[in-house]
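Here the structure comes first, spelled out in structure tokens, and everything after it is commentary.
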Amino acid sequence: MSDQGDGYFDETVAARYDDSEGEHFDPEVIAATANFLAGLAGGGRVMEFAIGTGRIAIPLSQRGVPVWGIELSRAMAGRLEDKPEARDIEVAIGDMATTRVEGEFSLVYLVFNTIMNLTSQDDQVACFQNAAAHLSPGGRFVVEVGVPGLQRLPEGERLLAFHHSDDRWGIDEYDVVTQSLRSHHLAFGEGQVETLSVPFRYVWPPELDLMARLAGMVLEDRFGGWDRAPFTGDSRSHVSVWVKPG
């Protein structure tokens, strides 16, 4: 993966990231996520790929779990490091597909669709390999990611609105040939429209399982959410757990 500096998460985005709204920023969802991960950590060291501003890392650390992180965006990492409650969290600046941190970890995790920020299959495979390289035998890799919304697309259409309100619109643009996805964000206010388009590569659960197998890991569990609800054909996202055999 090429060096993109802060990529799409520059200081402008980092400055308002913690003010974001939506399900992933609901305190109950954050608590459920941290509890799920703490239960898998088993008292060992934990690594978050794309740690961001610490939405999950801080509450996980507050549960007594030793947390490290890798983050591409210096702006996002800077926001995390400025928080007093993050003083015990160490962050390495780099790409989650290739950056290595010394030592072994009982758990590596990647949340909030971030695996799709790697926009090629090769980079996503490399991310799984990097996770496995950080894990001790018996360690686990956890990924939270949405299920591609192709079944909700009308025939022949490429655009699907995922959010609409008086002040913000979000529209996903799918390309089924390249398996690419571009999320368009429009914010309305004071007579102006701010726009941001971010590229992704959407990925199916069985494809992720194959990436895990290529990295020497096997699927242990798959849930419809952090509350361990069953994963079904109607699930909009999944939380998957792969284990590195001991």
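The table below lists the values:
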read-out	value
Test: residue in the range 65-73 that is at pLDDT below 95, more than 18 Å from the chain's Cα centre (by Cα) and over 29 Å from Asp122 (Cα atoms)	no
Residue among Asp221, Asp227 that is free of Cβ contacts under 8 Å to residues at least 40 places away in the same chain, closer than 27 Å to Phe105 by Cβ and under 20 Å from the mean Cα position of the chain (by Cα)	Asp221
Residue satisfying all of: in the range 137-163; touching a residue at least 12 places away in the same chain (Cβ under 8 Å) and more than 23 Å from Asn113 (Cα to Cα); surrounded by the most Cβ atoms within 10 Å (Cβ to Cβ) among these	Gly138
Selected residue [assigned to a strand (DSSP E or B), among the polar types (S, T, N, Q) and under 23 Å from the mean Cα position of the chain (by Cα)] from Thr178, Thr195	Thr195
Near pairs, Cβ below 6 angstrom, 6+ apart or cross-chain, from the range 59-88 (touching a residue at least 12 places away in the same chain (Cβ under 8 Å) and within 22 Å of His134 (Cα to Cα)) to any residue that is among the aromatic types (Phe, Trp, Tyr) and open to solvent by less than 30 Å² (accessible area, probe 1.4 Å)	Ile70/Phe49
Sole exception among (1) closer than 24 Å to Thr195 by Cα; (2) touching a residue at least 24 places away in the same chain (Cβ under 8 Å); (3) assigned to a loop (DSSP other than H, G, I, E, B) for Asp166, by number	(2)
Residue match in the range 232-245 (condition: of a type outside the set (D, E, K, R), open to solvent by 80 Å² or more (accessible area, probe 1.4 Å) and not in a helix (DSSP H, G or I))	no
Pairs with Cβ under 6 Å, 6+ apart, first in the range 24-49 and basic (Lys, Arg), second part of a strand (DSSP E or B)	Arg45/Phe105
Of residues in the range 103-157 being of a type in the set (Asp, Glu) and assigned to a helix (DSSP H, G or I), the one farthest from the chain's Cα centre (by Cα)	Asp122
Candidates Gly224, Gly170, Gly191 - the one that is over 23 Å from Asn130 (Cβ atoms), surrounded by 12 or more Cβ atoms within 10 Å (Cβ to Cβ) and out of contact with any Lys or Arg (no Cβ under 9 Å at 6 or more places or on another chain)	Gly170
Unmet requirement for Trp242, which otherwise passes all of (1) in contact with a helix residue (DSSP H, G or I) (Cβ under 6 Å, 6 or more places away or on another chain); (2) more than 18 Å from Leu110 (Cβ to Cβ)	(2)
Failed item in (1) over 23 Å from Arg45 (Cα atoms); (2) modelled with pLDDT of 95 or more; (3) among the acidic types (Asp, Glu), with Glu220 passing the rest	(1)
Breaking point among (1) open to solvent by 60 Å² or more (accessible area, probe 1.4 Å); (2) without any contact (Cβ under 8 Å) to a residue 24 or more places away in the chain, for Ser183	(1)
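The values are calculated or read from the model by the stated rules, or taken from the named source; none is laboratory data. Note that the structure is a prediction, hence the values are computed from the model and not measured. Here Cβ is always computed from backbone atoms with ideal geometry, including for glycine, and neighbour counts include all displayed protein chains. We work out accessible area using only protein heavy atoms, side chains counted, and drop any ligands, DNA or RNA first. Shrake-Rupley method; radii C 1.70, N 1.55, O 1.52, S 1.80 Å.
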